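Structure record follows, encoded as structure tokens.
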Amino acid sequence: MNKIKYIAAVLIAIAGFGLQQADAFTSDLNVGNTAISGFTGPYGTVTITLVNSTTATVTFTSNTVNGNIYLFGDGGSVALNVNATTFSVSNITGSNAGTGFTPGPWTQVAAGNEDGFGDFNLRISSFDGFTHSSDTISFTLTNISGTWASDADVLAFNADGFDAAAHIFVTTSPANASNSALATGFAAEPAGGVPTPDGGTTVMLLGAALGALGMARRFLMG
């Protein structure tokens, strides 16, 4: 029976680890500057998923509202205010499901201002303008100076009260590179994000752990 107790502890720990990894933190880019404020937001979503205490994956996803899609592009395509003194960015990728676009390439640029929303210590720019815009931009973020306790701990509000922003091209949906942008501006997230459901992953992991425990018990007592 003591062996079963040890096995149970290990399996429950595995399930608990799965719970930690399955969570995510989302922020809506729901405030537009004057250039795009006439179009209904949210303009996009930022999802932060902590891989471990020093590494997170970040994905910006565009939104479609009232027949318009909001694409990320040009200077300051996406930006974060990272809760770390020093950090690195790698594996920058993106895509655009619209017609005729050539997304990117993307480059990390110096910290700076996203028009109307203050300074951000992480900014990624895309080559050129509308025809190189993206509907998703993803990258890996690594904390060099410390650790993050949770997904929500990865970001911090800047001096103006924003933690994420993006350079937005407004165009009709579905996006077509031969159409011009209806407007270009910036959007940001001022109110903090929320944990997202894990889609049943944790329940699945816990069920697998309990099933394995039952099998181990029958094996040891058989």
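Observations, loosely collected:
- The residue of the range 173-190 that is least open to solvent (accessible area, probe 1.4 Å), among those that are assigned to a loop (DSSP other than H, G, I, E, B), more than 15 Å from Thr102 (Cα to Cα) and of a type in the set (A, V, I, L, M), is Ala181.
- Unmet criterion (only one of (1) in a loop (DSSP other than H, G, I, E, B); (2) more than 24 Å from Thr172 (Cβ to Cβ); (3) open to solvent by 20 Å² or more (accessible area, probe 1.4 Å)) for Ile92: (1)
- Within the range 1-53, tally of residues that are assigned to a helix (DSSP H, G or I) and at pLDDT 95 or above: 0
- Residue match in the range 96-110 (condition: part of a strand (DSSP E or B) and of a type in the set (Gly, Ala, Ser)): no
- Filtered by the rule that a residue be open to solvent by 10 Å² or more (accessible area, probe 1.4 Å) and either among the charged types (D, E, K, R) or under 14 Å from the mean Cα position of the chain (by Cα) (or both), the range 58-83 gives Thr59, Thr61, Ser62, Asn63, Asp74, Asn81.
- Count of the range 62-100 residues which are under 18 Å from Ala181 (Cα atoms) and hydroxyl-bearing (Ser, Thr, Tyr): 6
The values are calculated or read from the model by the stated rules, or taken from the named source; none is laboratory data. Just so you know, these numbers come straight off a predicted model, no measurement behind them. Positions of Cβ are backbone-derived with ideal geometry, glycine not excepted, and every protein chain shown enters the neighbour counts. Ligands, DNA and RNA are excluded from the accessible area calculation, which covers all protein heavy atoms including side chains. Shrake-Rupley method; radii C 1.70, N 1.55, O 1.52, S 1.80 Å.
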